[in-house]
Structure formats: structure tokens, C-alpha cells
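Worksheet: one structure, shown below.
The values are calculated or read from the model by the stated rules, or taken from the named source; none is laboratory data. What you see is a predicted model; the values in this text were computed from it and never measured. For neighbour counting, all protein chains shown are included, and Cβ atoms are generated from backbone atoms with ideal geometry for every residue, glycine included. Please note that ligands, DNA and RNA were not included when accessible areas were found on the heavy atoms of the full protein model with its side chains. Shrake-Rupley method; radii C 1.70, N 1.55, O 1.52, S 1.80 Å.
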Amino acid sequence: MRILIAEDDIVSLRLLGSILRKWGYDVLSCSNGSEADQALQGNDAPKVAILDWMMPGKDGVEVCQGLRQRPQSRPVYVILLTARGLTEDVVGGLEAGADDYMTKPFYPEELHARLQVGLRIVDLQSRLADRVGELETALSRLKQLQGLLPICSYCKKVRDDKNYWQQIESYISEHSEAQFSPSPCPNCSDKAGRTQTDSIGPDSMGKEEI
Amino acid sequence: MTTRIPGPESVLLGSCRRLCQTTDHGQEVEAARVFDQVAALMRVEGDIELLLEIVEVFLEDSPRLMARIRTALERQDLSLLEQAAHTLKGSVGNFCAPAAYAAASKLEKFGREGNVTGRQEAWNELQETMEQLRLALMSLRDERLA
């Protein structure tokens with residue numbers, strides 16, 4: 001799991017990075033908010049970010065607001081880690097879109113516990129996104145089987161949206177998860193049996209003999 | 001992936017013992033106001049190597065942060081003063097240094113609120129507490145190197 005950290009104080013940046021690496025995370029370090037903002041826009045952007053509030057350029061809150069305003073962006077779990085500890089700061093940070101808020105200096109065990117919460121949320125979001133994707137795909141298939149289908153009253157072929165006539169079973173197979181397993185129904189089975197018997201009946205046998 | 005590596009407890013215990021051996025309680029309290037080594041070790045999971053690593057970074061970088069604060073005071077640039085003092089506050093906070101932390105907080109507040117009176121005294125206080133912290137950290141580093 002890759003975690004982005006943004007912090008303008010190099011002592012805090014080094015400390016946070018070293019602790020996260022010790023815990024087994026891959027760390028992407030940024031020394032200001034603009035750098036962090038850029039890194040969070042890529043396709044392979046980290047899913048968790050720990051941002052300082054006061055930084056040169058864009059601050060942590062602005063990075064957060066930018067993230068939440070981009071509707072297409074992948075969800076990123078943001079922890080604001082800052083020395084600003086007033087209640088109004090905490091409220092402001094969370095209202096700007098942060099998922100969690102911690103004050104500096106931090107205790108590693110508290111950060112570890114909060115990160116676990118973040119990872120659970122990231123995992124849930126990821127699984128939810130997968131399920132939504134699957135449902136959307138299924139829904140699009142269902143929609144393909146809706147509407148008026150022209151069907152030949154003789155051969156029962158149907159005409160698709162490309163003006164191509166095809167067997168109804170192949171059409172349904174292409175537009176749904178349904179598969180066909182050919183086997184005669186009892187009526188057809190009886191008819192087929194009768195036809196076969198007729199074709200080898202006394203008349204034909206007699207003709208053969210003649 | 002997220003297995004935590006426990007810090008060496010012996011390091012913490014050694015620091016505790018050293019503090020307990022201090023006979024003068026006043027000195028002990030004063031020393032902890034400059035640099036609380038036991039608390040600082042707890043912030044790095046008892047990892048003395050990591051503590052020394054950030055001590056080195058701090059000793060190298062803190063003069064630059066102090067220079068920024070001095071420039072902000074000279075130019076009476078309140079925004080820069082708030083930003084620079086805030087960064088220094090965050091930095092010293094990692095070493096559990098309440099005296100330097102409080103002095104940096106005071107200057108940050110001056111920058112935020114625009115107060116003029118008492119700025120010089122606050123700057124003097126910051127210089128003094130930062131020098132004490134730097135000496136304490138250098139002493140820790142030298143003790144480990146010896």
C-alpha cells in the first residue's frame with residue numbers, strides 16, 4: 001500500500017516517512033501542497049494521504065478541497081496531521097473534506113490505529129466500486145434485451161440493431177448470460193418419433209422390396 | 001504488511017534510569033523542559049537510531065528556520081512570521097521540547113494576530129530555548145557516538 005505524505009518541515013517529513021516505512025508502507029514524500037495535489041491526480045495516485053495543514057503553495061486544506069471537488073477522481077482517504085489543534089481548526093479541516101484529523105506531535109500508536117481505520121474504509125470503497133462496476137455491466141446487458149425486436153413469423157429469426165437477421169438463440173446468447181442446450185421437448189420428440197417411424201413404415205418398406 | 005516492529009525497550013529503560021538517577025529534582029524538571037528524552041523516544045517507538053537520524057536533520061535545518069523567523073521580524077512580514085514559526089514549532093515538537101515549543105508558538109501567535117508588543121522578548125526567548133535544545137541534542141548525539 002502506497003501512502004502520500006506532505007509536510008514542509010523536513011524533520012517531521014523524515015520522521016513520518018521512516019515510521020511508515022518501518023510499518024511496511026511504500027511512501028511518496030512531498031515537501032509542499034502543490035506537489036501533493038499533483039501527485040494525487042495521477043491514475044496510480046495513492047489511496048491514502050497524510051497532509052500537513054500549513055504548507056507553502058497550496059495548504060493541506062486546499063489540497064483536500066481540490067480532491068473532493070473533482071468528481072471523477074478516485075476516492076483518497078485523507079488524514080490531516082497538523083499542529084493546529086483548536087476545535088475550530090478540527091471542524092474546518094473535516095468540513096474541507098478530510099476523513100480524519102490528528103494533531104502534532106503525534107504518537108505512532110495512535111497514527112497506526114487511525115491508519116487501520118483508513119485502510120478499512122479504502123478496502124470497503126474499493127470493493128463497493130467493484131460491485132457497482134459489476135452491477136452496471138449486468139444492467140447494460142439487461143437493457144440490451146429490452147425493446148421491440150423484429151422477428152420473422154416463419155423462421156423465427158430476429159433482426160438486430162445492425163439490420164442482421166440471426167437465430168433467436170444466438171441473439172439471446174450474445175445479449176445475456178443465457179446459454180442454450182439443445183434438446184427436444186416432449187411434443188417435438190413425439191413428432192420426430194412419428195416422422196421417423198413413417199419414413200420406415202410398411203409402404204416404404206414395401207416399395208424397397210419391390 | 002503493517003506489522004509493527006516494537007522499539008528496543010532497553011533504550012527506554014536506560015533513559016528512565018538516567019533520569020531517576022538525577023538527584024536534583026529541579027534540574028530534572030528543567031532538563032525535561034528543554035528536551036524530554038523519554039517522551040521523545042516514545043514518539044519514535046523507542047527507536048534511538050531514528051531519533052538520532054532526525055536529530056541530525058534538525059541540527060542541520062533549524063538555523064534556516066530561525067533565519068526565516070528573523071527575516072520575517074525584520075521585514076515585519078506577519079504572514080511569513082506565522083508560517084515560519086509554525087514550521088519550527090512542528091519541528092521542535094518532535095523532540096518533546098516544551099520550552100522551545102512554547103516560544104515558537106508565541107511568535108506564531110504574534111504573526112497570526114499582528115501584535116507588536118513583546119515580539120522582541122519572544123524572539124529572545126526563542127533564541128535562548130533553541131540554543132538549549134540544540135546543545136541537549138548535540139550532547140545526546142555525541143554520547144551515542146562516544
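A Gaussian network model of chain A, with springs between Cα atoms under 10 Å, assigns the largest mean-square fluctuation among A:184, A:71, A:150 to A:184. Ordering A:13, B:42, B:92 by Cα displacement along the dipole of the protein assembly as shown toward the positive end leaves A:13 in first place; charges were set at the Cβ atoms of Lys, Arg (+1) and Asp, Glu (-1). Taking a straight Cα-Cα cut-off under 23 Å and skipping sequence neighbours fewer than 8 places away in the same chain, the lysines within cross-link reach of residue A:191 are A:156, A:157. Placing one equal scatterer on every Cα of the protein assembly as shown and applying the Debye formula, the log10 ratio I(q)/I(0) at q = 0.13 Å⁻¹ is -1.06. In the complete set of protein chains, residue-level accessible area for residue A:5 is approximately 0 Å², probe 1.4 angstrom. Taking all Cα pairs closer than 8 Å and separated by 6 or more residues, the relative contact order of the range A:2-133 comes to 21 percent. With R₀ set to 25 Å, the beta-carbon distance separating residue A:38 from residue A:95 gives a calculated FRET efficiency near 0.55.
Inter-part distance, the range B:83-134 to the range A:76-125, computed on C-alpha centroids, equals 25 Å. Each of A:117, A:129, A:56 was placed along the dipole of the range A:2-133 (beta-carbon charges, centred on the mean Cα), and the one lying farthest toward the positive end is A:129.
Given their separation in residues at 0.36 nm each and the Cα-Cα distance between them, residue A:161 and residue A:21 gain 44.8 nm when the chain is fully extended.
Model label points for residue A:195 and residue A:129, set 7 angstrom from Cα along the Cα-to-Cβ axis, are 5.6 nm apart.
Near the amide H of residue A:48, under 5 Å away, which other amide H atoms are found, from residues 5 or more places off or on another chain, if H is placed in the peptide plane? Answer set, sorted by chain and number: A:4, A:77. Note on chain A: with a GNM built from Cα contacts shorter than 10 Å, the maximum mean-square fluctuation among A:118, A:57, A:193 falls on A:193. Which of A:152, A:188, A:30 ends up with the largest GNM mean-square fluctuation for chain A, with Cα atoms connected below 10 Å? It is A:188.
Note that the range A:2-133 presents 44 Å² accessible area per residue, ligands and nucleic acids not counted, probe 1.4 Å. Label the range A:117-194 by shape, choosing from rounded, prolate and oblate, from the square roots a ≥ b ≥ c of the eigenvalues of the Cα gyration tensor; if a/c is under 1.5 it is rounded, and otherwise prolate applies when a/b is larger than b/c, oblate when it is not. Oblate. Taking amide hydrogens as placed 1.01 Å from N in the peptide plane, the amide H of residue A:101 sits under 5 Å from those of A:80, each at least 5 positions away in sequence or on another chain. Averaging the sequence gap over all C-alpha pairs within less than 8 Å and six or more residues apart, then dividing by the number of residues, gives the range B:37-87 a relative contact order of 23 percent.
A Förster radius of 35 Å, combined with the Cβ-Cβ distance separating residue A:113 from residue B:49, puts the computed FRET efficiency at roughly 0.90. Coupling constants for the range B:113-129 follow from the phi torsions by the Karplus curve (6.51 cos²θ - 1.76 cosθ + 1.60, θ = phi - 60°), and in residue order they are 9, x, 5, 9, 5, x, 5, 5, 5, 5, 5, 4, 4, 5, 4, 5, 5 Hz; glycine and proline get x. Contact residues in the range A:1-18 by the 50 Å² criterion (accessible area, 1.4 Å probe, full protein complex versus chain alone): A:9, A:10, A:11, A:14, A:15. Kirkwood radius and radius of gyration were both taken over the C-alpha atoms of the range A:157-199, and their ratio Rg/Rh is 1.20. Distance between the pseudo-spin-label points of residue B:115 and residue B:146 (7 Å out from Cα toward the beta carbon): 4.1 nm.
In the range B:33-63, comparing the full protein assembly with the chain on its own, the residues that lose 20 Å² or more of accessible surface at a 1.4 Å probe are B:42, B:43, B:45, B:47, B:50, B:53, B:54, B:57, B:61.
Round to a whole number: what % of the accessible area of the protein assembly as shown belongs to carbon and sulfur, probe 1.4 Å? C and S fraction of accessible area: 53 percent.
Amide H contacts under 5 Å for residue A:8: none, restricted to partners 5 or more places along the chain or on a different chain, H placed in the peptide plane at 1.01 Å from N. Free of any trypsin sites (Lys or Arg not before Pro) that DSSP assigns to a loop and that have at most 16 other C-beta atoms within 10 Å, the longest stretch within chain A is A:1-155. The HN-Hα couplings worked out from phi for the range A:9-14 by the Karplus form 6.51 cos²θ - 1.76 cosθ + 1.60 (θ = phi - 60°) are 8, 6, 5, 5, 5, 5 Hz, whole numbers, x standing for Gly and Pro.
Simple point charges give the picture: +1 on the Cβ of Lys and Arg, -1 on the Cβ of Asp and Glu, and for the range A:2-133 a dipole about the Cα centre of about 500 debye.
Chain B packed on chain A takes about 2700 Å² of accessible surface away from a 1.4 Å probe, both sides summed. Calculate, in whole percent, how much of the Cα-Cα pair population of chain A lies beyond 24 Å. Value for chain A (Cα pairs over 24 Å): 61 percent. In the range A:26-135 the Cα-Cα distances spread across 5 Å bins starting at 0 as 2, 12, 21, 25, 21, 11, 5, 2, 1 percent of all pairs. Under 29 Å of direct C-alpha separation, and excluding same-chain neighbours fewer than eight residues apart, residue B:109 reaches these lysines: A:58, A:104, B:89. Helical content of the protein assembly as shown, expressed as a calculated mean residue ellipticity at 222 nm, amounts to -20500 deg cm²/dmol (DSSP H runs of 4 or more residues, -39,500 (n - 2.57) each, divided by residue number, nearest 500).
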